[in-house]
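Student: Have a look at this one.
All of the numbers you see were taken from the coordinates with simple rules; none came from a lab. Quick caveat, the model's predicted, so the values are computed rather than measured. Cβ sites come from the backbone with ideal geometry, for glycine too, and all protein chains shown count toward neighbours.
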């Protein structure tokens, strides 16, 4: 034995022990690395948790258990109620049997969250139209277009027993929308490659079936546009009862990698009332309209401001000839057609929100992306008028309560004969693929059968309530189909499919 070895044998044995512990402890996990665009490369290392069950396999009802201390859970809610802030708190989650420790959990949403916790209609945060002094305030909802008051969940009277998700008294239908961020406290930690997971509820009106977003997003994918993947899940907080929720993919850099050849551009998220109106070159003027989601320290608002300036300043001829260089007009026309046909007014066509703009810094062009469709299928348009919602969207734009005024992009797009013709072609395409084909009805029946089977074993929802909510969706599809078939643009197509 050499003198050198005798001096350092203890260090070598310690190193061997450390390697053995790492191998045993992390052997089933995959270590992944992330880089942030820009001149300074930051590398994160973390664990990606795999599972045999794909997170957004919508042929199964998944299971999620959230493990969080009562103190943190109550603080998460009271912080929002007192300040409006949605802060992350430490939690563990068990997804389809796989546990992920030390994730971030926070409240999410706007109207759906205010409805669940109280102060939803016209409460704090809902007055973003121009005030007497010119300040920006939130838009008030149009009372003529709101769901029946009997369908609105009331404010929970208490948080309930430890482990219970806050619910309204009586039917237990009020639910909190949540966001899970796997890498909030553990850099690089992911689940099946996902950094975030949105846990959805029914929106502003109690709805046991929660079919609006899964059906709407399926239609987007059916006609070839990207939309977040969704699935049903049985969710329980600590040892509380399991309840039916839905989960949704989050639009972030990982989402961009799935859908764009160049995923390293800049992603902007529209807030309520984002009409794309040009207000000047100062980025702070748009702080309440858009939030920058990617390359926050490496890019800025300049591309978006330049686009809004073009929308505002270009004459009609320039707008028509140059808009395709600024924006994917085919995607916009399809987006507008789907949202109008499915009467999703909680979008750019009504509330002027729930959309993203992705700027590809290679092609120098924007793409409008769909987000958050849990108010689709006529929920905000009012039951009496949803089925006959104007397919050209002209009468709805700029109506009081529609989200702060007319959207300049939509208004100018629809005023152009060239782009209106493209929009009409997309109306016909979506109508044939989603309505005339029976695809939407089939989707509802497919989801209902899935939930029925899971509910028999797990008691996720009061089945009579689910059936009633699903029947309402089927009734809307039937009445909407009849109205669309009566229009001159789509009537001929309806006759040809009979």
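Student: At 0.36 nm per residue, minus the direct Cα-Cα distance, what do residue 288 and residue 433 gain on full extension? Give it in nm, one decimal, please.
Tutor: Difference between extended and current length: 48.5 nm.
Student: Also, quick follow-up: Report the label-to-label distance for residue 102 and residue 306 in nanometres (one decimal), using points 7 Å from each Cα along the Cα→Cβ vector.
Tutor: 4.3
Student: A follow-up question, please. Rounded if a/c is under 1.5, else prolate if a/b is larger than b/c, else oblate: which is segment 262-497, with a ≥ b ≥ c the root eigenvalues of its Cα gyration tensor?
Tutor: Judged from the Cα gyration tensor, segment 262-497 comes out prolate (a/c at least 1.5, a/b above b/c).
Student: Could I ask something else about it? Whole angstrom only: what separates the Cα centroid of segment 77-113 from the Cα centroid of segment 307-344?
Tutor: Each part reduced to its Cα centre gives a spacing of 36 Å.
Student: Another question about this same structure. Can you pull the one-decimal nm distance between simple spin-label points at residue 71 and residue 474, each 7 Å off the Cα toward Cβ?
Tutor: 5.1
Student: Roughly how far apart, in whole Å, are the Cα centres of segment 176-203 and segment 450-466?
Tutor: If you average the Cα positions of each part, the centres end up 25 Å apart.
Student: What is the distance, in nm, between label points placed 7 Å from the Cα along the Cα-to-Cβ direction at residue 418 and at residue 482?
Tutor: Each label point is offset 7 Å from its Cα along the Cβ direction, giving 4.1 nm.
Student: Using mean Cβ contacts within 10 Å as the protection proxy, how do 216-229, 454-467 order, highest first?
Tutor: 216-229, 454-467
Student: Right, here's the next one. I need the shape label for segment 335-454. Rule: rounded when a/c is under 1.5, else prolate if a/b > b/c, else oblate, with a, b, c from the alpha carbon gyration tensor.
Tutor: Since a/c reaches 1.5 and a/b is larger than b/c, the shape of segment 335-454 is classed as prolate.
Student: PRE reach from residue 458 (point 7 Å along Cα→Cβ): which of segment 199-223 fall under 17 Å by backbone N?
Tutor: Label zone hits: 199-202, 208-211, 214.
Student: Give the calculated FRET efficiency between residue 362 and residue 186 to the nearest 0.05, with a Förster radius of 35 Å applied to their Cβ-Cβ distance.
Tutor: Efficiency, from the Cβ-Cβ distance: 0.60.
Student: Can you order the peptides 252-263, 327-338 by their average number of other Cβ atoms within 10 Å per residue, highest first?
Tutor: 327-338, 252-263
Student: Fully extended, how many nm does the chain gain between residue 53 and residue 298 (0.36 nm per residue separation, minus their Cα-Cα distance)?
Tutor: Roughly 84.6 nm would be gained on extension.
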